[in-house]
Structure formats: structure tokens, C-alpha cells
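Okay, structure first, notes after.
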Amino acid sequence: MEITTRPAITVSERDLERLEDILASLPDDLPGAEALRDELDRAEILRPEAMPADVVTMNSRIRFVVEPAGREMEMTLVYPCDFTGSPDQLPVTTPAGIAVLGLAVGQEIEWRAPNGQTVGARIVDLAYQPERAGDYMR
């Protein structure tokens with residue numbers, strides 16, 4: 001996955017630790033693993049209680065628009081181990097999951113899909129963020 005626009009992103013220390021543990025257990029050649037590592041490497045890291053309320057963190061419920069289709073979606077960003085196959089879940093190891101992690105409401109990102117098409121996402125709203133709700137200690 002090649003991200004073609006790189007807006008600033010913010011990730012919580014707790015999410016970073018969990019994601020690094022997951023990445024350490026995955027094969028290096030797994031699609032998306034390198035892209036997720038690259039995104040984590042460039043992220044600003046904050047303590048969970050210092051996370052801005054409008055930033056996509058793990059287990060956030062996100063409303064976003066996917067371009068070029070212009071389709072609005074609402075999904076929960078989940079760890080691979082929590083993915084049940086539900087259509088309203090977005091695993092963080094997928095291109096869209098990697099792309100939205102750490103973005104703030106109003107930010108946009110683009111990436112090149114395997115078919116060569118440029119795909120984008122714009123964060124519209126966060127219906128739920130664990131840090132804002134005080135649920136990040138679980």
C-alpha cells in the first residue's frame with residue numbers, strides 16, 4: 001500500500017504498544033504490515049488521556065467518506081484479533097484501516113489501491129472515541 005498524501009497523524013501510547021505487539025507477531029511479508037509500521041513511525045505519540053477528542057484511535061466509531069465513490073460509511077476501527085467479519089468493523093491492518101488511524105475529523109488521506117486506482121478517505125465525525133469516553137484503560 002502506497003499512501004500518496006501524508007497528513008499529520010496522532011496515535012496513543014497504548015494503541016502504539018498494542019499495534020507494535022501485533023506487528024511483531026505477523027509475518028513481515030503480510031500485506032499492509034509495512035504500511036502500518038511506516039504510519040506508526042511517523043505518528044505523533046501522546047498519552048491516552050492527552051488524545052484530542054477528534055482523533056481516530058483504536059476502537060473508535062468513525063464516519064468517513066470514501067472517494068472517488070463519494071460513499072459515506074460508519075465503522076469501528078478494530079484490532080485484527082477483534083475482527084468478527086461484521087461489515088461495520090474496519091481492521092487496522094487493511095488499507096482503509098491503516099489510512100484512517102490517527103487522522104482527525106476533517107482530515108483527508110489518499111492511497112494507491114493494488115489495482116493502481118487512487119482511493120481517499122475524509123473523516124466526517126467520531127461517534128465514539130475510547131479516550132474521550134474514558135474507556136481506554138480496558
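The values are calculated or read from the model by the stated rules, or taken from the named source; none is laboratory data. For clarity, every value in this text was computed on a predicted model and none was experimentally measured. Counting neighbours? That spans all protein chains shown, and the Cβs are built from the backbone with ideal geometry, glycine included. Calculation scope for accessible area: heavy atoms of the full protein, side chains included, ligands and nucleic acids excluded. Shrake-Rupley method; radii C 1.70, N 1.55, O 1.52, S 1.80 Å.
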Under 8 Å for C-alpha pairs, at least 6 residues apart: give me the relative contact order for the chain, rounded to a whole percent.
32
P(r), alpha carbons of the chain - 10 Å bins starting at zero, rounded %
13, 47, 36, 5, 0
Using the Cα centre of the chain as the reference point, and only Cβ charges (+1 on K/R, -1 on D/E), how large is the resulting charge dipole? Debye, rounded to the nearest 20.
300
Helix-only CD estimate at 222 nm, as mean residue ellipticity for the chain, using -39500 (n - 2.57) per DSSP H run (n ≥ 4)
-6500 deg cm²/dmol
Percent of accessible area on the chain owned by carbon and sulfur, 1.4 Å probe?
49
How big is the dipole moment of region 70-116 about its Cα centre under a simple scheme where the beta carbon of each Lys and Arg is +1, that of each Asp and Glu is -1, and everything else is neutral? Debye, nearest 20, please.
160
Length gain on complete extension for the stretch residue 72 to residue 20, per 0.36 nm per residue less the alpha carbon to alpha carbon distance?
15.7 nm
Evaluate E = 1/(1 + (r/R0)^6) for residue 84 and residue 104, where r is the Cβ-Cβ distance and R0 equals 35 Å; express this FRET efficiency to the nearest 0.05.
0.80
Which whole-Hz couplings ³J(HN,Hα) result when phi for each residue of region 121-127 is put into the Karplus expression 6.51 cos²θ - 1.76 cosθ + 1.60, θ = phi - 60°, listed in order with x for Gly and Pro?
9, 10, 6, 9, 6, 10, 6
